[in-house]
Amino acid sequence: MEDDDIRGVVEVLKSGWITTGPKCAAFEQAFAAYVGAPHACALTSATAGMHCMLLALGLKPGDEVITSSMTWVSTVNMIEITGAKPVFVDIDPQTLMISAADVERAITPRTRVIIPIHFAGAPVDLDPFRALAAKHKLHLIEDAAHAAGTEYKGRRIGSPGTSIFSFHPIKNMTTAEGGMVCTDDAALFDRVKRLKFHGLAKDAWDRYSKKGAAAPMEVVEPGFKYNFTDLQASLGLTQLAKLDAFNARRAELAKLYDELFRDVLEFSTIKEPSWPHKHTRHLYIVFLDLERTGLTRDEFLGELKTRNIGTGVHFKAAHLHAYYQQTGRYPRGSLPQTEWASERLFSLPLFPKMTEGDVRDVVAAIKDVIATRRSKA
Ligand SMILES: Cc1ncc(COP(=O)(O)O)c(C=O)c1O
């Protein structure tokens, strides 16, 4: 957070309108223009966006949605909450993403939606997914929580099609909490917009602003209270203006990590996709060689913590969470590559305000854990 972010929020606080209002509209417009989408709807989180989206698509019990288990579990939870069944295909352990070819093998007459996940700042190979969705008449919804600014074949994620972005604090730009549904489907957009605010035909700003002053409050279907606020939207506008610079700085830091890890045999790093893309380095993910270190990933992260290095696990495979294990639908061993990665991966600190010295400190701490372990072995 910099002075412009703080100033913007203070201005909104003094403006007399703090909830969904003119700043939200401006942020939606600016984000839509940035990704090239005809429609954008801001809401409280990407999770809320996925919830509204799946209901807007009319998902119901018995339907199947094909996705990846290597994701933040919210993607999967939202499918489950509609009563539909999440169906997982295994990932490529190099990129942590699923392929259209594997998805095609999992399609059944009950399949309705495919949700690929753009991972860590890289895009999935979208063309085969688009072709597959068209061939089987399925909806393609891109989980773009990691992909603000990511490009696929020279075009930003967010258009064409339907994508859902997250502005949670660890994302490349943040609004404290928040999400954005971008789509070129006007009917889907109207439905998501309605579902995010009680199912009302108009939202609060539409009613209070001059253009909608006389509009009555009319619930046309039951909906949620997932609306975004002008306080968050102000952050969205100032952060969006800096997103490309943030992403460029992340790329520099990631390159330095790459160089410093070249001689560390106990690690491998997530690989770049082979298709044309622009990576935004949302996460810097490494895999720990458990055999070589003789430590579990969690033991290794504990050692790093005692050296003041914070890390993240992105992600524990969704199907291994207690709830999904209890369903009995996803036995351990059913997604070998996802489970392999889930046991070994972790994310290193990476944010634009990091200095090169910070990166070197992280790598030094990691090398110290390894050296200490070797000396005990
Ligand atoms: C892949 C993925 N999808 C969805 C989400 C949900 O985003 P939000 O926290 O905005 O609901 C996240 C958040 O971490 C994520 O990583």
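The values are calculated or read from the model by the stated rules, or taken from the named source; none is laboratory data. Note that this is a predicted model, so its numbers are computed, not measured. Methodologically, a virtual Cβ is constructed for each residue, glycine included, from the backbone with ideal geometry; neighbour enumeration extends over all protein chains shown.
A few remarks follow.
- Hits in the range 23-51 - residues which are among the hydrophobic types (A, V, I, L, M, F, W, C), more than 17 Å from Thr229 (Cβ to Cβ) and within 15 Å of the ligand (Cβ to nearest atom): Met50
- Residue count for the range 196-213 satisfying the condition of being more than 18 Å from Thr229 (Cβ to Cβ) and at pLDDT 70 or above: 2.
- Check on His277, in the same structural domain as Ser347 (by TED's automatic domain parsing) and either at positive phi or within 16 Å of the ligand (Cβ to nearest atom) (or both): no
- Of the criteria (1) in contact (Cβ under 8 Å) with a residue 24 or more places away in the chain; (2) within 11 Å of the ligand (Cβ to nearest atom), which one Gly161 fails: (2)
- When restricted to residues that are under 13 Å from Glu343 (Cβ atoms), among the aliphatic types (A, V, I, L, M) and crowded, with 16+ Cβ neighbours inside 10 Å, the range 294-327 contains 4.
- Number of positions in the range 111-165 that are among the charged types (D, E, K, R) and over 28 Å from Gly312 (Cα atoms): 7
- Selection of the range 174-190 for residues being more than 16 Å from the ligand (Cβ to nearest atom) and either surrounded by 20 or more Cβ atoms within 10 Å (Cβ to Cβ) or not assigned by TED's automatic domain parsing to the domain that holds Cys41 (or both) yields Thr183, Leu188, Phe189.
- Residue identified as surrounded by 18 or more Cβ atoms within 10 Å (Cβ to Cβ) and part of a loop (DSSP other than H, G, I, E, B) among Thr280, Thr338: Thr280
- Arg297 vs. criteria farther than 25 Å from Ile66 by Cβ, away from the ligand (no atom under 16 Å from the Cβ) and in contact with a Leu (Cβ under 8 Å, 6 or more places away or on another chain): yes
- Tally, over the range 214-238, of residues that are out of contact with any Ser or Thr (no Cβ under 8 Å at 6 or more places or on another chain) and either among the small types (Gly, Ala, Ser) or at pLDDT below 90 (or both): 7
- Some residue of the range 61-76 being closer than 22 Å to Cys182 by Cα, free of Cβ contacts under 8 Å to residues at least 40 places away in the same chain and of a type in the set (Ser, Thr, Tyr): yes
- Taking the conditions (1) in contact with a Gly (Cβ under 7 Å, 6 or more places away or on another chain); (2) over 22 Å from Gly154 (Cα atoms) in turn, Ile107 satisfies each one other than (1).
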